[in-house]
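Right, one structure below, let's go through it.
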Amino acid sequence: MTDQTWPSWLPIRSSLSHLSPYGAPQVESDAALNTNENPFPLSAAIAEAISHRISEVATTLNRYPDRDALSLRTGLAEYINEMSSTDFTAGQIWVANGSNEIIQSLFLACGDQGAIGFLPSYSMHPLIAKVTSTKWCDGTRESDFSLNIESVLTQIKANPSGLTFITTPNNPTGEAITLADIERIAQHVCGLLVVDEAYAEFSDEKSAVTLIAQYPQIVVIRTMSKAFSFAGARVGYLVAHPRVIDAMMLVRLPYHLSTLTQSAALVALDFKRELLSGVAQLIAERKRVTEALVAMDLKVLPSQANFLLFTGFTHSSAELWQSMLDRGILIRDVGLSGYLRTTIGTFAENQKFLHALEECLVKERS
Ligand SMILES: *Cc1c(COP(=O)(O)O)cnc(C)c1O
């Protein structure tokens, strides 16, 4: 798609004409370990409760949804308060169709002074910046992909931006930074510090939501797509100062979050204990898979998330990725030469992954 030329009758924006659409391949596989989804399906009881709630609201679908999603925002505030011992109310929460929409709203509302992030990190941050015509600055990490805070502060100073993005745990590398480091960065940004915590529930680090009362410039993005096993429902949210939420309301599309989504998400929150019960299991599997990869003489980056980035194979990333897919295992080539990323799946999926990888490595090393 990259070198496609657009037809002359299509007035595509010049800033977009050379882009390709976001595309993790959606192909058939025995184990889909490429998009950091939660491998555990919803239980019959939760599915039943969601169906029941949806059938209750179905007769009201002639009406627009609650434009401000107040019940859902209240439920999300309660969840965050329970996890982080905070006292947020609905006025400090915004919710949208996935955290990607939250990110888009942040750019739309606050992108005038550009944005900076430290690569490699979540590829959608620079991509959504581009789509919203926000100037983006590629910040850098150390050669081992860790984040050097002194270097971050220097880069922020050299490239003053309205939005500074920190992803912790970082995707695709898995490493989390400390709350003390977030606080230091917050003290030096010139606009908002956007902390993308899509994987917070898998991490030992305290959430940056605990800093918001002291630092209104900190905004924290969360999602129900990963720990909550709810990626298909598309629910992401923001925890921030009420004035940031006011800014989100300026750019949101009217009635952006459907009655169906709001209802389903409220049920998911009712069942949060059960939905989150897989997290501990995935953390245990993360440890087990890490040890198995190390035993294969691979190097694994320390991860606080539900995925691992590994290196130490001799084939190119693209070659090993294809060999794995030929064996039915779909992992992720994140565009880092010599590295591949795998999502932690169920025990059975991880066994399939390890077995296929072992086969590929034996082949390349023989
Ligand atoms: C998966 C992921 C998201 C989630 O996006 P949703 O739109 O909520 O599904 C956000 N940020 C990062 C860093 C991610 O890896």
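The values are calculated or read from the model by the stated rules, or taken from the named source; none is laboratory data. Note that this is a predicted model, so its numbers are computed, not measured. All Cβ positions, glycine included, derive from the backbone under ideal geometry; neighbour counts span all protein chains shown. Quick note on the areas: whole protein, heavy atoms, side chains included, nothing else; ligands and nucleic acids left out. Shrake-Rupley method; radii C 1.70, N 1.55, O 1.52, S 1.80 Å.
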Return yes or no: is F228 part of a strand (DSSP E or B), touching a residue at least 40 places away in the same chain (Cβ under 8 Å), within 15 Å of the ligand (Cβ to nearest atom) and under 17 Å from the mean Cα position of the chain (by Cα)? no
Selection from the range 67-76 of residues among the basic types (K, R) and outside any helix (DSSP H, G or I) yields R67
The range 328-338 - residue that is in contact (Cβ under 8 Å) with a residue 40 or more places away in the chain and crowded, with 17+ Cβ neighbours inside 10 Å and, of those, farthest from A356 (Cα to Cα): V334
Per-region count, the range 136-158, residues free of Cβ contacts under 8 Å to residues at least 24 places away in the same chain, part of a helix (DSSP H, G or I) and not hydroxyl-bearing (S, T, Y): 2
Kindly indicate whether A69 is within 19 Å of T223 (Cβ to Cβ) and within 16 Å of the ligand (Cβ to nearest atom). yes
How many of the residues in the range 233-269 are of a type outside the set (A, V, I, L, M, F, W, C), in contact (Cβ under 8 Å) with a residue 12 or more places away in the chain and either under 28 Å from L211 (Cα atoms) or part of a helix (DSSP H, G or I) (or both)? 11
Of the residues in the range 159-172, those that are open to solvent by less than 20 Å² (accessible area, probe 1.4 Å), without any contact (Cβ under 8 Å) to a residue 60 or more places away in the chain and either more than 16 Å from the ligand (Cβ to nearest atom) or more than 15 Å from V194 (Cβ to Cβ) (or both) come to S161, G162
State all residues of the range 89-99 that are touching a residue at least 24 places away in the same chain (Cβ under 8 Å), in a helix (DSSP H, G or I) and open to solvent by less than 20 Å² (accessible area, probe 1.4 Å); if no residue qualifies, say none. S99
Evaluate the range 297-317: report whether one residue or more is of a type in the set (F, W, Y) and open to solvent by 40 Å² or more (accessible area, probe 1.4 Å). no
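Would you please name the residue that is nearest to L238 (Cα to Cα), looking only at residues in the range 58-79 that are open to solvent by 30 Å² or more (accessible area, probe 1.4 Å) and hydrophobic (A, V, I, L, M, F, W, C)?
That would be L70.
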Which of the residues that make up the range 212-225 are more than 12 Å from the ligand (Cβ to nearest atom), open to solvent by less than 10 Å² (accessible area, probe 1.4 Å) and touching an Asp or Glu at 6+ places or on another chain (Cβ under 9 Å)? I218
Determine if the range 118-131 includes at least one residue that is in a strand (DSSP E or B) and out of contact with any His (no Cβ under 8 Å at 6 or more places or on another chain). yes
Out of A208, A200, A176, report the one residue that is within 25 Å of E78 (Cβ to Cβ), of a type outside the set (F, W, Y) and open to solvent by less than 10 Å² (accessible area, probe 1.4 Å). A208
Give me the residue from the range 1-49 that is charged (D, E, K, R) and in a loop (DSSP other than H, G, I, E, B) and, out of that set, surrounded by the most Cβ atoms within 10 Å (Cβ to Cβ). E37
Is it the case that R184 is open to solvent by 10 Å² or more (accessible area, probe 1.4 Å), within 22 Å of P160 (Cα to Cα) and basic (K, R)? yes
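Quick grid of which residues meet (1) within 16 Å of the ligand (Cβ to nearest atom); (2) hydroxyl-bearing (S, T, Y); (3) part of a loop (DSSP other than H, G, I, E, B); (4) not assigned by TED's automatic domain parsing to the domain that holds P242:
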{"residue": "S51", "(1), (2), (3), (4)": "no, yes, no, yes"}
{"residue": "N62", "(1), (2), (3), (4)": "no, no, yes, no"}
{"residue": "P65", "(1), (2), (3), (4)": "no, no, yes, no"}
{"residue": "E78", "(1), (2), (3), (4)": "no, no, no, no"}
{"residue": "D87", "(1), (2), (3), (4)": "no, no, yes, no"}
{"residue": "E101", "(1), (2), (3), (4)": "yes, no, no, no"}
{"residue": "L106", "(1), (2), (3), (4)": "yes, no, no, no"}
